[in-house]
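Heads up, the thing below is written out as structure tokens.
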Amino acid sequence: MWCAKRLARAFALYEVLLGMAVFCVGVLVLGRSVQNCLKATNISAEDDRVRQILSNRMAEIQVDPGFPDETKETKIDTSYGEVRLIQKAGPAGLRDDQDLEMSGITRVLLTVEWGRGRQLQSRKIEFYVYRQG
């Protein structure tokens, strides 16, 4: 009688296999979630690095007392690969309230291009610089 009670309480093989299958699916889903979190963190760090490159170049242009270069392309090596920094500058073409063109104001467009996987990524920033002269 004691043996019969023990057999009635035991799990059958299919119940154990079903439990193991549910556990394995859970582990696979958890692993995939961690992989996605790591990928998102990597993309965020890459974007932060690109924004820092744009910010540094903008600060260099603003501090430099001369007029910015009309066109300039720089290749920067980062831990995420090569990044191209493209600078284009030209007269802003702004007019005051008497419809006179304001001189000394330069419009600067900075573009950063890099590859992520097989896709080309880019970020742009546009700002104005005033120089007397």
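General observations
- Matching residues, the range 76-103, being outside any strand (DSSP E or B) and loosely packed, with under 11 Cβ neighbours inside 10 Å: Ser79, Gly93, Asp96, Asp97, Gln98, Asp99, Leu100
- Residue that is modelled with the highest pLDDT, among those in the range 104-116 that are closer than 24 Å to Asp47 by Cα and loosely packed, with under 15 Cβ neighbours inside 10 Å: Leu109
- Condition met for Glu73 (without any contact (Cβ under 8 Å) to a residue 24 or more places away in the chain, touching a Lys or Arg at 6+ places or on another chain (Cβ under 6 Å) and surrounded by 11 or more Cβ atoms within 10 Å (Cβ to Cβ)): no
- Cβ-Cβ contacts under 8 Å between residues 6 or more apart (or on different chains), taken from a first residue in the range 53-70 that is surrounded by 12 or more Cβ atoms within 10 Å (Cβ to Cβ) to a second residue that is part of a helix (DSSP H, G or I) and modelled with pLDDT of 90 or more, are listed as Pro68/Ile61.
The values are calculated or read from the model by the stated rules, or taken from the named source; none is laboratory data. Note that the structure is predicted; figures quoted are calculated from it, not measured. Virtual Cβ from ideal backbone geometry, glycine too; neighbours counted across all protein chains shown.
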